[in-house]
Each structure stands twice: as structure tokens, then as C-alpha cells.
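S.K.: I am attaching a structure below and will ask some questions about it afterwards.
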Amino acid sequence: MGKDKEVVVPGEKLAVIEEYLPRENVYVNVDFILSKIIGTIFRDNEKKEISVRRIKELSLPKVRDIIYGVVTSIRDPIAYVDIIYIENRNKIFLNPFDSFLHANNVSSMYVRSLYDAIGYGDIIRAYIVDGYNPPYELSIKGREFGVVYARCPLCMRPLRRKGYELFCSKCRKKFKRKISTYYFLK
Amino acid sequence: MKKVSNITEVIKLLDENGIRSDGRRLDEMRKIKIEVGVLKNADGSAYIEMGNNKIIVGVYGPKEVRPKHLAIPYKSLIRCRYEMMPFSVSDRKSPSPSRREIELSKAIREALEPAIFTEEFPRTMIEIFIEVLEADGGTRTASINAASVALADAGIPLRDLVTAIAIGKIDGKLALDINGIEDQYGDGDMPIAMMPQLGYVTLFQADGIFTSEEIEKAFEMAKKAIWNIYEIQKKALKSKYLQIVKEVDINE
């Protein structure tokens, strides 16, 4: 292994193109491999690869991030969701990121309509399956993912969980949802 | 007209020994101090002191574009706001954006944009906020120096750091890094911004009359100064991040 923990700034010459193959966070300009970001150099002398490792992460959501989002509109088979929070990195977005949820990514079982799984204005816990830039593609497959907070569409009261459905105590009505184990009104 | 000529007589920009009003030689820069990561809430930030100039820069992004219709499907949108504080100049400056500020915002944005890998972040935006706390000539070049450091601090991929310096003309001679008085009463001002490692020029403005030989000479002077500033920028960035890397090592 080469010399590690060496901090480089953008535009700094790391090597000549004959020496290494350029990998993450580096680019080639004429004869040289230059750094794109501020980070530490990582030279793999066995594979002859060079890359720069980030010290500071960008605030953009990434694939496999667990997020909380608000359903802003549903147009079967797609629902549009605003990402407001990344759980694994504890990041709040006051300026939410756009994402969408396709009916394919709701459950491993057959879903007839998205309206059986989520509702307008619901807060969902989901994970990002695709997209390196907005709009991101979400999935709520899995027990921990799905609706974590919902209100009654008739009276706007928070719905409570009753078995596999949500229940409004005032309207005495049941609503179908794909409920997460994180649903917080039991 | 008479009054102006009196002032220029009183203020001597250059004495017999070739020393300027603030005691510098013609090819001497003002002192520069750069601090990185001064703001907690911004993604990247920098503070620069270039002589009497005091400028603070905050960078946000990449983030979702608002309003949505401004989003560019193949690259990131760069937004830049250059603003002078009401107390930055001797007379109170109105806090509303003036013609000059709006123009400088555009000039600075266009000087920084070639350095950023905008195509890596389609449908997002990067915001640069430049606040001039104290102004004393050459704020646009100082702003560019600080903004490129703040962009690097935010972790945004850059081709190179952008470094800028202004060349002025006082009493018919070229002077490096002109200050407020020299800018006001001198014969010309030529801010130049470059990406030093790549050798690209990203900003080249001129105000006043320069001959072609003078432009060539000014460019050579600027190049030399830009490498000096580049080293200061690099040092400022590295000193912050070396500390972080060391802290991580200890924790490991």
C-alpha cells in the first residue's frame, strides 16, 4: 500500500497517467491524474489504482439511505414523496428532495392500487433504491418500512393502528395502509 | 472638477522611491489570511482578510432547486450572491442590492462555474453567499479566493481552486493588488482569475486604458501572485483537514 492519510485539495496533481488507473474522485487532465475533492489519497499498488477518499460527505441522499418523506401526490401507479429526513445520517432537509414511489416497490405481495398502501399527506419511512440525483426512487418493501404517521382524510385526526389497519376513533372508520413497525400511534 | 484635481494632488499614490500610499512596492501584495469552516450551519464556508478587506463566504448544496422551473436537466445550477454590508464602506451603503452588486454576483459566478463539475449533479443547485464585511478595493478578487475555498470545503468536486488578483495602474505604472484609494484615484483596474494548476483564465476584466504590452506584463505579474495566493488557499484547506484526519486516527 502507498502512503495513506495524505490530504489533497482539488486540482492537486496526484500521479502521471502511466502510473495508476483513475478511480473515485479523481480526473485526468492531459498527462496527469488530479484530485477532484478535498480528501485523503488512496493508492492501491496491487491493482494500480488511485482514488481520493472523502472526509466530508455531501448532503445529497444516496442509494440505501433510510429516509422519512411526505406523500405529496398519488397518481396510480406512482406516488410523489418529499424527502424531509435521512435517518442513518441524521440530516433534516428544510428544502425537501423530490422522490417517487412506484407500486412495484410497495410490497413483495400483489398490490392492486397504491391507494391501498399509502394516502395523501402520510409520512412514510422508506429507503432509496435508485438515483444519484433527484428525483430518487423509493421502496417501502419490508416490515420496518411504510406509513409511520397518517391522518384521517375526513376529520384530520391522527389515525391509530388497529391490527393490520388504521382506525379513526371519531369517524369509526378503517383505512387500508402498508403500515411500518415504526408506526407510532398504537 | 477643480475639487477632484485637488484631492489627487493631496493623495500621492506613488512617491519618488516607487513606494505606494500604504508603504508597499509596486509588485507587492497585501497580507492574506484565510480561514476555512468558520460557519457551522453552511455546508462549506471560508473567511478571508486581504489587507483591509474582510469577507465571509457560505456555500450550500448541492440541493433541490427552488423554484423548480430553474432546474437544468443536465447540470447543476450555480447561484451566487455578492452583498456588501451597510457598514462595509465609509458612507452607509443601502442594504438593497445595487446594480454593481448584481453585476459582480454574475461576474463571480461565471469565474467559479468553469471550475465546478456541474454535470455531476443534474437537477440540483449550489448556492454561494458572499458577504463583504469591510471593503478596501479588490473585493471581487478576494471574494473569488474565499468562495473557491468554501466550495472545496463543502466537498463539491472542483477541477481546481480558482484564484484571483487585481492589477492596477497608478501614475502610469502597473501595481499589484490595488487598494481602495488606488482603485478610486488610479488610472485603471484589471482583475484576473485563474485556475493555476490547469492554466485557465476564468475572469479577465479591465477598466481604464492599458496598452497591449501592459496587458502582457500585467498578466505575468498576476500569474506570479496567483501562485502565491494558491499556496495560501491550499495551506488553509489542508490545515483544517489534517486536523480532522488526525482526530479520526486517534479515535480509531
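S.K.: So what's the back-of-envelope 222 nm ellipticity for the protein assembly as shown, counting only DSSP H runs of four-plus at -39500 (n - 2.57) apiece and dividing by all residues, rounded to 500?
M.R.: -6500 deg cm²/dmol
S.K.: Sticking to Cα atoms, compute the Rg of chain A to one decimal and its Dmax as the biggest Cα-Cα distance, whole number, in Å.
M.R.: 22.5, 73
S.K.: Could you work out the pair-distance distribution P(r) of chain B from its alpha-carbon pairs, with 10 angstrom bin width and percents rounded to whole numbers?
M.R.: P(r) over chain B, rounded to whole percents: 7, 29, 34, 20, 7, 2, 0, 0.
S.K.: Next question. Once each part is reduced to its C-alpha centroid, what is the distance from the range A:115-186 to the range B:209-223 in angstrom?
M.R.: Spelled out, the Cα-based centre of one part sits 66 Å from the other.
S.K.: Modelling each spin label as a point 7 Å along the Cα-to-Cβ direction, I'd like the A:His102/B:Val245 distance in nm, to one decimal.
M.R.: 4.2 nm
S.K.: Give the long-range amide H neighbours of B:Ala71: residues separated by 5 or more places, or on another chain, with amide H under 5 Å away, using H modelled in the peptide plane at 1.01 Å from N.
M.R.: The answer is none.
S.K.: Could you tell me whether the range B:115-225 comes out rounded, prolate or oblate from its Cα gyration tensor? Rule is a ≥ b ≥ c as square roots of the eigenvalues, rounded for a/c under 1.5, then prolate if a/b exceeds b/c, otherwise oblate.
M.R.: prolate
S.K.: Which of rounded, prolate or oblate describes the range A:2-54 when judged by the alpha-carbon gyration tensor and an a/c cut-off of 1.5?
M.R.: Note, shape of the range A:2-54 comes out oblate.
S.K.: What pairs from B:Lys54/B:Lys75; B:Lys106/B:Lys235; A:Lys5/A:Lys47; A:Lys5/B:Lys238; A:Lys56/B:Lys223; A:Lys56/B:Lys106 go past 21 Å between their alpha carbons?
M.R.: Over 21 Å apart, Cα to Cα: B:Lys54/B:Lys75; B:Lys106/B:Lys235; A:Lys56/B:Lys223; A:Lys56/B:Lys106.
S.K.: Using +1 on the beta carbon of Lys and Arg, -1 on that of Asp and Glu, and nothing else charged, what's the dipole of the range B:20-251 about the Cα centre, debye to 20?
M.R.: 580 debye
S.K.: First check a/c for the range A:28-117, with a ≥ b ≥ c the square roots of the eigenvalues of its C-alpha gyration tensor; if it is under 1.5, answer rounded, and if not, answer prolate when a/b is larger than b/c or oblate otherwise.
M.R.: prolate
S.K.: Here is a follow-up. Dipole magnitude of the protein assembly as shown about its Cα centre, charges +1 at Lys/Arg Cβ and -1 at Asp/Glu Cβ only, in debye to the nearest 20?
M.R.: With Lys and Arg at +1 and Asp and Glu at -1, about 3240 debye.
S.K.: Report the label-to-label distance for B:Ile72 and B:Glu103 in nanometres (one decimal), using points 7 Å from each Cα along the Cα→Cβ vector.
M.R.: Placing both labels 7 Å beyond Cα along the Cβ direction yields 2.4 nm.
S.K.: Measuring from centroid to centroid over Cα atoms, what is the spacing of the range A:87-103 and the range B:57-85 in Å?
M.R.: 19 Å
S.K.: Restricting to the range A:122-186, compute how many DSSP beta bridges are antiparallel as a %, nearest 5.
M.R.: In the range A:122-186, approximately 95 percent of DSSP beta bridges are antiparallel ones.
S.K.: Please report the antiparallel percentage of DSSP beta bridges with both residues in the range A:66-176, rounded to the nearest 5.
M.R.: Antiparallel: roughly 90 percent of the beta bridges in the range A:66-176.
S.K.: Work out how far the C-alpha atoms of the protein assembly as shown reach from end to end along every principal axis, then list the three figures in whole Å, largest first.
M.R.: Taking the Cα atoms of the protein assembly as shown, the three principal extents are 93, 61, 39 Å.
Here, each number is a calculation from the coordinates, and none is a lab measurement. Quantities reported herein were computed from a predicted structural model and do not represent experimental measurements. As a convention, Cβ positions derive from the backbone with ideal geometry for all residues, glycine included, and neighbour counts pool all protein chains shown.
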